[in-house]
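Trainee: Take this structure, written in structure tokens, and hold onto it; I'll ask about it next.
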Amino acid sequence: MWGKLLILLGIFFVIFIVIGAYRYKYNLERKAIVETGIRMHLNVFIRGHEDTSILGIYDYEEKVSERCGGVEMRKKLLILLGIFLVIFIVIGAFRYKYNLEREAIIEAGTKISQEHIKEHFNSDFVITDYDIIHSSIDNRMYIDGYIKGHEDVKISVIYDYKNKEVCGVGGPKWFLNSEKKDIP
């Protein structure tokens, strides 16, 4: 989980660096415009050309602003960033929900399978591995393990997580024959 969080933070860090570089470039262009405008204004003032308008500076500023993308480009970039942010949040929420459901299935499956083996076979079941089949295929969880004292013998339990019951137990014949017959 922490790895995914770090990856997500890394992506946001890169995005903010790109935005910062864009803003830095944009501010440099604006600074150059202002300096150019001041120089043009001083030239007009020193030479005494009354007919030259300072509005030419603003026309030049608009041209440079258009070349850099200006306000429109910034709006588009922020909208795009907002869309990506919403997508990441939605994906993260669904992933979180999926992980919570999976953990609940694992917890219930291990507890119920251990209780089933204890009740029906009077043995302590130690879980070593499990595999959850997606609900679109089958509602089962396959649990592998062993009985305490017989670590070399594999025992398998099939657990239906939708109905919360054990569907079957697999293992050696001597183990399966030790099942208590009087339990429903």
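The values are calculated or read from the model by the stated rules, or taken from the named source; none is laboratory data. All figures in this text were calculated on a predicted structure; none of them were measured in a lab. Note that each Cβ is placed from the backbone with ideal geometry, even for glycine, and that neighbours are counted across all protein chains shown. To get the accessible areas, we keep the full protein, side chains included, count just its heavy atoms, and leave off ligands, DNA and RNA. Shrake-Rupley method; radii C 1.70, N 1.55, O 1.52, S 1.80 Å.
Trainee: Name the single residue that is farthest from Y146 (Cα to Cα) among those in the range 91-125 being among the aliphatic types (A, V, I, L, M) and open to solvent by 70 Å² or more (accessible area, probe 1.4 Å).
Mentor: Selected residue: I91.
Trainee: Restricting the range 152-184 to residues that are open to solvent by 60 Å² or more (accessible area, probe 1.4 Å) and in contact (Cβ under 8 Å) with a residue 24 or more places away in the chain, which is farthest from H116 (Cα to Cα)?
Mentor: Per the criteria, the residue is K162.
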